[in-house]
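The values are calculated or read from the model by the stated rules, or taken from the named source; none is laboratory data. Everything numeric here is computed off the predicted structure, so don't read it as measured data. Note that we place each Cβ from the backbone using ideal geometry, even for glycine, and neighbour counts take in every protein chain shown.
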Amino acid sequence: MPLPHVVIVGGGFGGLSAARALRHAPVRVTLLDRRNHHLFQPLLYQVATATLSPGDIASPIRWVLRHQKNLQVLLVDVTRIDAGARQVVVTEGLPISYDFLILATGASHAYFGRDEWRPFAPGLKSLEDALDIRRRVLMAFERAEREADHDRRDMLLTFVIVGGGPTGVELAGTLAEMARRTLREEFRTIETSRTRIVLVEAGPTILASFPEKLRDRARAALQQKGVEVCERTAVTHIDERGVRLGDQPLAAATVVWAAGVAASPLVGTLGTPLDRAGRAIVEPDLSLPGHPEVFVVGDAASFSHQNARPLPGVAQVAMQGAVQAARNIVRRMAGEATRPFHYTDKGNMAIVGRGAAIADLGFLRFSGFPAWMVWIFLHIFMLIGFRNRLSVLMQWALSYLTMQRSVRLITVAPATHVEREIGE
Ligand SMILES: Cc1cc2nc3c(=O)[nH]c(=O)nc-3n(C[C@H](O)[C@H](O)[C@H](O)COP(=O)(O)OP(=O)(O)OC[C@H]3O[C@@H](n4cnc5c(N)ncnc54)[C@H](O)[C@@H]3O)c2cc1C
């Protein structure tokens with residue numbers, strides 16, 4: 001009798017963890033992803049700010065799972081799930097049938113219904129996004145250097161980050177360091193230290209998921225680096241001239257979107273209830289209502305059986321959920337009852353810049369240099385592959401000692417560049 005077929009869609013944190021958890025199970029696993037690489041999203045901002053190369057934070061999925069004999073990796077774009085027929089519909093080739101499905105397709109940007117802002121305010125989700133932002137940032141300084149008009153120069157040296165979550169804070173802090181330290185001596189017309197970095201948050205505070213004391217420290221560290229932190233400030237318009245904060249225009253050549261996320265559109269094709277962010281509302285065991293053979297994990301799932309609010313979109317939720325979904329598949333095959341998912345929160349960290357971070361481990365809260373060191377070693381540990389770990393550690397040590405950002409390359413065709421660097 002053929003082994004049951006488990007299809008996993010997505011080779012991110014959730015998909016990889018699910019695949020690994022099934023390595024000794026009596027199943028045939030097919031992992032589908034439209035990209036050939038697993039991306040370590042928490043370090044994307046370091047590619048966007050020219051510290052790391054794409055190849056440092058991405059690894060080919062095929063290589064990562066090369067030792068898993070019960071698994072095949074296919075590079076395909078999934079367009080639809082036909083849950084009734086138990087099939088995954090792909091752009092090229094025949095639909096793929098499954099006995100069990102794990103959907104781990106993550107999330108993308110959401111512009112709160114203002115999709116026309118997208119071209120002026122790119123989000124940070126993929127390597128292409130990071131290289132696009134890196135190009136925009138570096139080009140703004142280059143254009144400013146040759147700009148004769150004073151107002152235009154100010155506009156080119158104004159950077160707005162929309163969204164005061166961890167990604168917005170990381171970007172703002174690192175951009176401020178880049179302007180004030182890395183680039184300081186390299187330009188003749190402009191004074192890069194006068195660059196404006198404006199971090200805008202519509203809610204009452206930046207880093208809302210952290211305790212007040214840590215938020216205050218992070219805010220103070222940002223301000224010390226020269227970041228203007230605007231809380232309780234809504235962005236009401238974005239175009240090529242900049243942004244409108246409430247009814248005040250702010251001329252800015254570079255705007256980065258770090259505000260909203262929505263689940264991958266594929267989730268909408270399941271035909272089951274979704275929450276406001278488009279995530280599939282899952283049962284306590286992470287399966288879909290009415291489809292015990294389909295599990296949704298990570299950023300694509302809305303799991304609200306543990307707290308009043310759904311679990312956050314972080315890597316640990318995706319990884320732990322994926323392992324539980326895989327175990328539940330094995331239980332179901334053995335005719336046993338599935339078990340509910342319980343998320344173990346291992347803590348929350350955010351980096352503000354060189355030597356500055358905040359850490360909330362529940363039993364221990366700390367900030368500054370010690371938190372930064374913990375953050376560094378945690379991320380090195382979580383990265384996939386010895387080469388990436390060594391390379392990132394060396395790049396960080398170098399940039400810490402010299403303030404240099406080694407990947408300050410302006411590339412004309414970002415997508416081509418990605419392919420070249422990934423293929424290294
Ligand atoms: C800039 C940034 C910084 C972050 N920082 C942190 C952090 O510091 N700590 C933390 O815990 N979390 C952080 N996160 C969140 C964390 O990365 C996510 O929670 C995690 O990646 C979710 O895992 P996932 O498996 O659900 O989705 P993902 O890791 O996003 O993987 C989804 C996969 O599905 C594939 N896919 C999507 N649609 C299709 C399709 N139609 N067909 C085929 N394949 C498809 C994608 O190519 C991708 O490989 C950050 C996220 C971002 C964007």
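Values computed for the structure shown
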item	result
Residue that is farthest from ALA121 (Cα to Cα), among those in region 141-185 that are touching a Gly at 6+ places or on another chain (Cβ under 9 Å) and more than 16 Å from the ligand (Cβ to nearest atom)	ARG180
All positions within region 295-325 that are of a type in the set (A, V, I, L, M, F, W, C) and within 11 Å of the ligand (Cβ to nearest atom)	VAL296, VAL297, ALA300, ALA301, LEU311, VAL314, ALA315, VAL317, ALA318, MET319, ALA322
Residues of region 84-109 classified as crowded, with 17+ Cβ neighbours inside 10 Å and more than 12 Å from the ligand (Cβ to nearest atom), total	6
Among the residues listed as THR192, THR158, THR205, the single one being in the same structural domain as HIS237 (by TED's automatic domain parsing) and farther than 21 Å from ARG241 by Cα	THR205
Conditions (1) at positive phi; (2) buried (at least 20 other Cβ atoms within 10 Å of the Cβ): number failed by PHE112	(2)
Positions within region 286-312 being over 19 Å from PHE100 (Cα atoms) and surrounded by fewer than 18 Cβ atoms within 10 Å (Cβ to Cβ), in sequence order	SER304, HIS305, GLN306, ASN307, ALA308, ARG309, PRO312
Residue in region 10-33 that is within 11 Å of the ligand (Cβ to nearest atom), part of a strand (DSSP E or B) and free of Cβ contacts under 8 Å to residues at least 24 places away in the same chain present	no
Test for ALA202: is it among the small types (Gly, Ala, Ser), surrounded by 15 or more Cβ atoms within 10 Å (Cβ to Cβ) and not in a loop (DSSP other than H, G, I, E, B)	no
Failed criterion for THR182 (all others in (1) under 25 Å from PRO312 (Cα atoms); (2) at pLDDT below 95; (3) β-branched (Val, Ile, Thr) hold)	(1)
Residue that is farthest from the chain's Cα centre (by Cα), among those in region 241-258 that are assigned to a loop (DSSP other than H, G, I, E, B) and at pLDDT 95 or above	ARG241
Residue in region 48-63 that is β-branched (Val, Ile, Thr), touching a Ser or Thr at 6+ places or on another chain (Cβ under 8 Å), within 15 Å of the ligand (Cβ to nearest atom) and at negative phi present	yes
Cβ pairs under 7 Å, 6+ apart, first in region 88-107 and over 17 Å from LEU266 (Cα atoms), second within 10 Å of the ligand (Cβ to nearest atom) and of a type in the set (Val, Ile, Thr)	GLY93/VAL76
